[in-house]
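**Q** For reference, the structure I am asking about is given below.
What follows draws every value from the coordinates through simple rules; no lab data is involved. Predicted model, so just to flag it, every value in this text is computed and none were measured. All Cβ positions, glycine included, derive from the backbone under ideal geometry; neighbour counts span all protein chains shown.
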Amino acid sequence: MSEIIAPVREETPDSHADAEGLFPIREVARLTGVNPVTLRAWERRYGLIQPVRTESGHRLYSSTDIDTVHRILDWIGRGVAVSKVGKILARDQQPGEPATASRSDTELEWRQWQTQLRLAVSAFDDRELDQLYGQIFSVYSTTVVFQDIMMPLWQQLLRHQDRFGQASEWLFFDNFLRTRALRCLQMAYASPVPSVLLAAIAGECRELELLVAGLLMSSDKLAVKVLGVGQPLDELTLICERTRPQALVLFSNHAPGSELPSRLNRLALTLDCPLLLAGDASDLAEQSLAGSSIGCLGNDGRVMPRRLQQFLSGLLDS
């Protein structure tokens, strides 16, 4: 039975709301494109957002709440039902890791770098962007550079392409990062170490996401060769026969369809190397793939290379 929605009441914030960096529901609706009725439903039915309340009962949302709304929209756009988004958001919070002051300071540093990057992107300034990229790389690991600093800004620009000028800004930044990620991958693959192949499931990720995944999986003990976006799955067996990789990794950031397990198992039967799944799809499909020969690597740059090495060493079962 569908929930009866009460008549919409305009919520007016208390006068101190803006001073505290909080936003009324109508402003959140304007910023995210999600109407107030839906925002209330996400709060009541699923607990996805928890705005604060004023003494008069009005909802006020923080910038973190607005970011959560964008993340919800991103997951829905990938085919995940809103009823399942809560578990994914909880997983992304990295349970068990305390929100210490030092971590808050680190995240503040990352945001400060992102602010400088954002200014360079908005000015379409190649030189400044390249200088900032070099400075960030001199301070942080590859995982932090891409997963914690670069890609969140890339995703933010991607979300707001409907705003005038931001489509061009996103394309500028996307091209810059693809060039740098590809260069890093080529350098890693030139090393005389065992290699794995990484391919995207067609239509289920963008090129930069695939390149970054390959970069984060690479290590001094294992190189990752990334196949072009659009690679036909039915020809992967041929490529593996000719290149003899240590493993074949498929990548997807979309919600897996019901046919994915059987599709992957059919492919695995034709290969002489392990078949693994990475990206957000691997977390979502892990239960349906339990007991199969398909291993799941996740989508965290701190976890993927370790799990990959463990699978190849036989220390983890599929």
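**Q** Return the percentage of antiparallel bridges among DSSP beta bridges fully within the chain, rounded to the nearest 5 %.
**A** Just about 25 percent of them are antiparallel.
**Q** Counting only C-alpha contacts under 8 Å and six or more residues apart, can you give the relative contact order of the chain as a whole percent?
**A** 11
**Q** If you line up the long axis of helix 126-139 against the longest principal axis of the chain, both from Cα atoms, how many degrees apart are they, to the nearest 10?
**A** Long axis of 126-139 versus the principal axis of the chain: about 80 degrees.
**Q** Within the range 285-314, list the trypsin sites (Lys or Arg not before Pro) lying in a DSSP loop whose Cβ has at most 15 other Cβ atoms in a 10 Å radius.
**A** For trypsin sites (Lys or Arg not before Pro) across the range 285-314 that sit outside H, G, I, E and B with at most 15 neighbouring Cβ atoms in 10 Å, the list reads R302.
**Q** What fraction of the DSSP beta bridges in the range 191-313 is antiparallel, stated in percent and rounded to the nearest 5? Don't jump to the answer; show the numbers that get you there.
**A** Working: 1 of 16 bridges.
Of those bridges, close to 5 percent are antiparallel.
**Q** Local charge sum around W154 (other residues, Cβ-Cβ under 13 Å, Lys/Arg +1, Asp/Glu -1)?
**A** -1
**Q** Note the angle between two axes, namely the Cα long axis of helix 36-46 and the longest principal axis of the Cα atoms of the chain, as a number of degrees from 0 to 90, rounded to the nearest 10.
**A** Once rounded, one gets 60 degrees.
**Q** Name the most mobile residue of L269, L208, L185, meaning the one with the largest mean-square fluctuation, in a Gaussian network model of the chain with Cα contacts below 10 Å.
**A** L269
**Q** Which entry in (i) 37, 25, 17; (ii) 41, 28, 18; (iii) 26, 23, 20 matches semi-axes √(5λ) of the Cα gyration tensor in Å derived from the coordinates of this structure?
**A** Recomputing semi-axes √(5λ) of the Cα gyration tensor in Å here gives the entry labelled (i).
**Q** Pull out the extension gain between Q116 and L233, defined as 0.36 nm times the separation in residues minus the alpha carbon to alpha carbon distance; nm, one decimal.
**A** So the extension gain works out to 38.1 nm.
**Q** Hey, in the GNM for the chain with a 10 angstrom Cα cutoff, which one of A268, A199, A181 fluctuates hardest?
**A** A268
**Q** Based only on Cα atoms, what mean projected area does the convex hull of the range 18-92 have, in nm²?
**A** Mean shadow area of the hull around the Cα atoms is 5.1 nm².
**Q** Once the Cα atoms of helix 207-217 and of the chain are each reduced to a long axis, what angle between those two axes, in degrees from 0 to 90 to the nearest 10, is obtained?
**A** With both axes taken from Cα atoms, the answer is about 70 degrees.
**Q** Could you work out which residue, out of I88, I72, I294, moves most in a Gaussian network model of the chain, that is, has the largest mean-square fluctuation with Cα springs under 10 Å?
**A** In the Gaussian network model the winner is I88.
**Q** Using modelled amide H (1.01 Å from N, peptide plane; none on Pro or chain starts), what sits under 5 Å from the amide H of I49, excluding residues fewer than 5 places away?
**A** E43
**Q** Only sites in a loop by DSSP and with at most 10 other Cβ atoms within 10 Å count here; which chymotrypsin sites (Phe, Trp or Tyr not before Pro) in the range 116-194 make the cut?
**A** Answer in residue order: F164.
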